[in-house]
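The values are calculated or read from the model by the stated rules, or taken from the named source; none is laboratory data. Here the structure is a predicted model, which means the values were calculated and not measured. Note that we place each Cβ from the backbone using ideal geometry, even for glycine, and neighbour counts take in every protein chain shown.
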Amino acid sequence: MATTASGRFKPWRGPAIATGSEILSYLDEVIAEDGLDDGIRYLHRVTAASWSTADRRWTVEVTRTDTGERAASRSPWTASRSTSPTASPGAAS
């Protein structure tokens, strides 16, 4: 079963085909209005992700873009740039 994490629904009020800056502005609004900043790791670039069937966990390695510091975390799910969860391989949806 996939897990989702989200805030309230805020409809898009911009043009049907939006520019990147319009989309980012909308996302900034939603993040600020719903207090989602605490759950977002800014300035982190994913450098590797691997699934362990035995552990049923993802290991995600990241590098901070401002300091070069490297770190890893383990979780049963991952989130993409759009914060949509990615189900574990073989998980029911």
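Yes/no matrix, rows are residues, columns are (1) without any contact (Cβ under 8 Å) to a residue 24 or more places away in the chain; (2) touching a Leu at 6+ places or on another chain (Cβ under 6 Å); (3) of a type in the set (D, E); (4) assigned to a loop (DSSP other than H, G, I, E, B):
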| site | (1), (2), (3), (4) |
| --- | --- |
| I23 | yes, no, no, no |
| R45 | yes, no, no, no |
| W51 | no, no, no, no |
| E61 | yes, no, yes, no |
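For A91, state whether it is modelled with pLDDT under 90, surrounded by 12 or more Cβ atoms within 10 Å (Cβ to Cβ), part of a loop (DSSP other than H, G, I, E, B) and hydrophobic (A, V, I, L, M, F, W, C). Don't jump to the end; show me each part of the working.
On the way: modelled with pLDDT under 90: yes; surrounded by 12 or more Cβ atoms within 10 Å (Cβ to Cβ): yes; part of a loop (DSSP other than H, G, I, E, B): yes; hydrophobic (A, V, I, L, M, F, W, C): yes.
Yes, satisfied.
Counting only residues that are of a type in the set (V, I, T) and surrounded by 15 or more Cβ atoms within 10 Å (Cβ to Cβ), which one in segment 69-88 is modelled with the lowest pLDDT?
We begin by selecting, within segment 69-88, every residue of a type in the set (V, I, T); these are 78, 83, 86.
Add one more test, that the residue is surrounded by 15 or more Cβ atoms within 10 Å (Cβ to Cβ), and what stays is 78, 83.
Details: T78: 71, T83: 43.
My answer is T83.
Across segment 34-68, what is the total count of residues that are surrounded by 10 or more Cβ atoms within 10 Å (Cβ to Cβ), under 30 Å from P11 (Cβ atoms) and either small (G, A, S) or modelled with pLDDT of 90 or more (or both)?
Selection size over segment 34-68: 4.
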